[in-house]
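Visitor: Before I ask anything, let me first share the structure, which is written out below as structure tokens.
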Amino acid sequence: MTDTPLPIEAEPQQAEMPFAYVQGEAVTSLPKDLYIPPDALEVFLEAFEGPLDLLLYLIRRQNLDVLDIPIAEITRQYMDYIGLMHEMRLELAAEYLVMAAMLAEIKSRMLLPRAADIEEEDDPRAELVRRLQEYERYKQAAEDIDELPRVDRDVFPVALEAPERQVLSRPPEISLQELLLAAKAAMTRAEMFSHHHVQMEPLSVRERMSIVLERIGAGDFIEFGRLFAPEEGRMGVVVSLLAVLELIKSSLIELVQSEPFAPIYIRAARATVLDADDEAPQAAAGGEA
């Protein structure tokens, strides 16, 4: 039995990475007939937004005082930069040339001799200094604003959808004691707004006494129950009973009952009948006279 050697595994090798794809095909080597000029790619790091930005950069680079600008040196550096832009075939804006002419004018005005007897004129650099200070303030404000946090650059808002919530309304848990206390408080508040209506009683005891005397007549008996009217209700019974009691107290009527539980009869008192009889002859005599 012979031993067969095990196969040796090949080590993985990294394939060459293409540096470009042309129409879907990978390109791993440069074409031999490709010509790249030496100035095909130029990097210009110092980019300025205008002539004032360039002047401010030159002043800051040398730590010069804006209020006391050495016009000669600044003009020389400014013109060197303009020449560099021409050499690099960069598009030169007209405002750079206007600033160059302004610097040359200021330089020439400062080189002119001044007479001693003539009053001191304004500094030719005053207008340039004013414009540089104003531009510096606006540029500093723009830099401060740019440093503020910006959405989608420094701050990224997060939006999340909240899960659907089901609100379950549960009845309040109230004990019987709390319910009774609430009812008592409601009744107390209602009593505070209640009012009483006072009105005259429709039935009068004094008036009922006169009615009873009229119904009895002179010496005739009348049953006690006939003095009460059922349609007047309980109030009428009470008033009639009080009227009868007042008449008995005043000895104007008499109560007669033959035996216990027998019907009660009422008649006028004898003194009342006699007075009525005496008044009748006197009334007749008065009529004859």
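Visitor: Based on this model, can you work out whether LEU90 counts as assigned to a loop (DSSP other than H, G, I, E, B), surrounded by 12 or more Cβ atoms within 10 Å (Cβ to Cβ) and at pLDDT below 65?
Guide: Yes; evaluated as a whole, the condition is true for this residue.
Visitor: Name the residue, out of ARG189, ARG150, ARG170, ARG206, that is closer than 27 Å to ARG270 by Cβ and out of contact with any strand residue (DSSP E or B) (no Cβ under 7 Å at 6 or more places or on another chain).
Guide: ARG206
Visitor: Yes or no: segment 54-70 includes at least one residue that is in a loop (DSSP other than H, G, I, E, B), at positive phi, more than 57 Å from the chain's Cα centre (by Cα) and at pLDDT below 80.
Guide: The answer is no; no qualifying residue exists.
Visitor: Of the residues that make up segment 249-259, is at least one surrounded by 13 or more Cβ atoms within 10 Å (Cβ to Cβ), in a loop (DSSP other than H, G, I, E, B) and in contact with a strand residue (DSSP E or B) (Cβ under 8 Å, 6 or more places away or on another chain)?
Guide: Yes, there is a match, as at least one residue in segment 249-259 is surrounded by 13 or more Cβ atoms within 10 Å (Cβ to Cβ), in a loop (DSSP other than H, G, I, E, B) and in contact with a strand residue (DSSP E or B) (Cβ under 8 Å, 6 or more places away or on another chain).
Visitor: Tell me yes or no: at least one residue of segment 186-194 is aliphatic (A, V, I, L, M) and not in a helix (DSSP H, G or I).
Guide: Looking through segment 186-194, none of the residues is aliphatic (A, V, I, L, M) and not in a helix (DSSP H, G or I).
Visitor: Regarding segment 227-240, can at least one residue be identified that is acidic (Asp, Glu) and either closer than 30 Å to LEU255 by Cβ or assigned to a helix (DSSP H, G or I) (or both)?
Guide: yes
The values are calculated or read from the model by the stated rules, or taken from the named source; none is laboratory data. Small disclaimer: the values here were computed from a predicted structure and weren't measured. All Cβ positions, even for glycine, are placed from backbone atoms using ideal geometry, and neighbour counts span all protein chains on display.
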